[in-house]
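Student: Structure provided below as structure tokens; questions to follow.
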Amino acid sequence: MQFMVLSSRHTEQYGEADFDAVIQAETQRIRQFYADGVVRQIWLRSDLPGACFLIEAPDEHTAQSTVSALPMARSGLSNFTVIPLRPYGGQRTNLPATVAPRQCRQVLAANDA
């Protein structure tokens, strides 16, 4: 299963020195998770200090345990929200493999008729 993880730093409670003390360990752990195929993609948030990343895990409990093992989570410096994802079904159709993207709208309209 895939999970979206949203993190936000507790900047109102902690200073930059607190974050600096664990950021190297956090980065190393994320890199290891990426190398292991656990973390699939990661972005920094532009709305607030924190990150958004996609992880692979067999179930929600494992996903939560994985996130809880991160240094920023263990130290309480950041809040992490784990969101289970499911496939989007709107792309299910009988489109032939040779249909160009610009033709998809026409094929989908014909299938709906």
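Student: With 20 Å as the cut-off, how large is the P(r) tail for the stretch 2-84, expressed as percent of Cα-Cα pairs?
Tutor: Details: 879 of 3403 pairs.
Pairs farther apart than 20 Å: 26 percent.
Student: Multiply the residue separation of ARG45 and GLN13 by 0.36 nm, subtract the distance between their alpha-carbon atoms, and state the gained length in nm to one decimal.
Tutor: Details: separation 32, 0.36 × 32 = 11.52 nm, distance 1.91 nm.
Difference between extended and current length: 9.6 nm.
Student: Select from the stretch 10-46 those GluC sites (Glu not before Pro) which occupy a DSSP coil region and have at most 14 other Cβ atoms within 10 Å, ordered by residue number.
Tutor: Working: sites: GLU12, GLU16, GLU26; in loops: GLU12.
Sites meeting the loop and neighbour criteria: GLU12.
Quick note: the coordinates plus some simple rules give every number you see, no bench work behind them. Keep in mind the model is a prediction, meaning the values are calculated, not measured. In this analysis, Cβ positions are derived from the backbone assuming ideal geometry, glycine residues included, and neighbour counts consider all displayed protein chains.
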